[in-house]
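**Q** Shown below is the structure under consideration.
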Amino acid sequence: MKPLRMLDLFAGIGGFSYAGERLVGGFETVAFCEYDEHAQKVLRKHWPDTEIIKDIRDLADDSERFRGSVDIVCGGYPCQPFSLAGEMFRVIEAVRPRWVCGENVAGHITMGLDTVLSDLQGAGYQARTYVLPAVAADAPHRRDRCWIVGKNVGDT
């Protein structure tokens, strides 16, 4: 079976890609977008042949090149108001992946989540939100996280 090709935004040290490729399996990372230089070094160590784009704004301006070659856009986008989260949406609009997966703090539910869900719906995505605590994955703390999973139903 062909792997799902992933564009990993705000990648940090590659948590989405590690989970998709090595824990779950069936995923292949096409490119990362990560600003932090230390995190880029970690990404280069574990994914030496995968492109790293430093600035989300540069990627948003050039993301159409991934259209048709990416199945899922994922990322733990910034949660503060007036952040670069809108750039992730620009990438989603240009790439038109089959799936979108976003992660944020639980406080996002009362601050901005309605806008994210509305934007996704307007772009043809049916999205669901889940709150999962870290303890659900055997972490020694609760740390609730908000997950947004969207399926492209507009390009059928």
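No value in this document is a laboratory result; all are computed from the given coordinates. In this text, all values refer to a predicted model and were calculated from it rather than measured experimentally. Positions of Cβ are backbone-derived with ideal geometry, glycine not excepted, and every protein chain shown enters the neighbour counts.
**Q** For Asp144, what residues show an amide H to amide H distance below 5 Å, using hydrogens built from the backbone and excluding near sequence neighbours?
**A** Those qualifying (amide H under 5 Å, at least 5 residues apart or on another chain) are Ala134.
**Q** Show me, for the range 107-114, the HN-Hα J-couplings you get by feeding each phi into the Karplus relation (A = 6.51, B = -1.76, C = 1.60, θ = phi - 60°), rounded to Hz, glycine and proline as x.
**A** Once θ is set to phi - 60°, the couplings for the range 107-114 become x, 4, 4, 9, 9, x, 4, 4 Hz.
**Q** For the range 38-126, what does the alpha-carbon gyration tensor say about shape, rounded, prolate or oblate, given a ≥ b ≥ c as the root eigenvalues, a/c under 1.5 as rounded, and a/b over b/c as prolate?
**A** Judged from the Cα gyration tensor, the range 38-126 comes out oblate (a/c at least 1.5, b/c at or above a/b).
**Q** I would also like to ask the following. Quick one: what are the phi-derived ³J(HN,Hα) couplings along the range 56-61, Karplus 6.51/-1.76/1.60 with θ = phi - 60°, whole Hz, x for glycine and proline?
**A** Calculated HN-Hα couplings, in order: 4, 5, 5, 5, 4, 6 Hz.
**Q** Would you mind classifying the range 112-156 by shape? Square roots of the alpha carbon gyration tensor eigenvalues, ordered a ≥ b ≥ c; an a/c under 1.5 is rounded, otherwise it is prolate if a/b is larger than b/c and oblate if not.
**A** Oblate shape, in that a/c is at least 1.5 and b/c is the bigger or equal ratio.
**Q** Fully extended, how many nm does the chain gain between Trp99 and Asp61 (0.36 nm per residue separation, minus their Cα-Cα distance)?
**A** That works out to 11.6 nm of additional length.
**Q** Under 4.7 Å Cβ to Cβ, no partner at all: give me those cysteines from the chain, in residue order.
**A** Flagged as lacking a Cys partner: Cys33, Cys79, Cys146.
**Q** Enumerate the lysines that Lys151 could reach by cross-link, defined here as Cα to Cα under 29 Å, with residues fewer than 8 away along the same chain left out.
**A** Filter leaves Lys2, Lys54.
**Q** Could you work out how much longer the chain between Val135 and Ala106 gets when fully extended? Use 0.36 nm per residue separation minus the Cα distance between them, nm to one decimal.
**A** That works out to 9.0 nm of additional length.
**Q** Then there is this: Test of understanding: what is the full-extension gain from Lys54 to Tyr35, defined as 0.36 nm times their sequence separation minus their Cα-Cα distance?
**A** Once the chain is fully extended between Lys54 and Tyr35, it gains 6.4 nm.
**Q** As a test, work out the antiparallel percent of DSSP beta bridges whose residues both lie in the range 1-144, rounded to the nearest 5.
**A** Beta bridges within the range 1-144, antiparallel portion: roughly 5 percent.
**Q** Could you work out [θ]222 nm for the chain from helices alone, using -39500 (n - 2.57) per DSSP H run of at least four and dividing by all its residues? Round to the nearest 500 deg cm²/dmol.
**A** Result for the chain, helices only: -7500 deg cm²/dmol.
**Q** Oh, and also: Assuming R0 = 25 Å, can you tell me the calculated FRET efficiency for the pair His46 and Leu4, based on Cβ-Cβ distance, to the nearest 0.05?
**A** 0.85
**Q** Sticking with this one: When a/c reaches 1.5 or more, the comparison of a/b and b/c decides; with that in mind, is the range 1-70 rounded, prolate or oblate per its Cα gyration tensor?
**A** oblate
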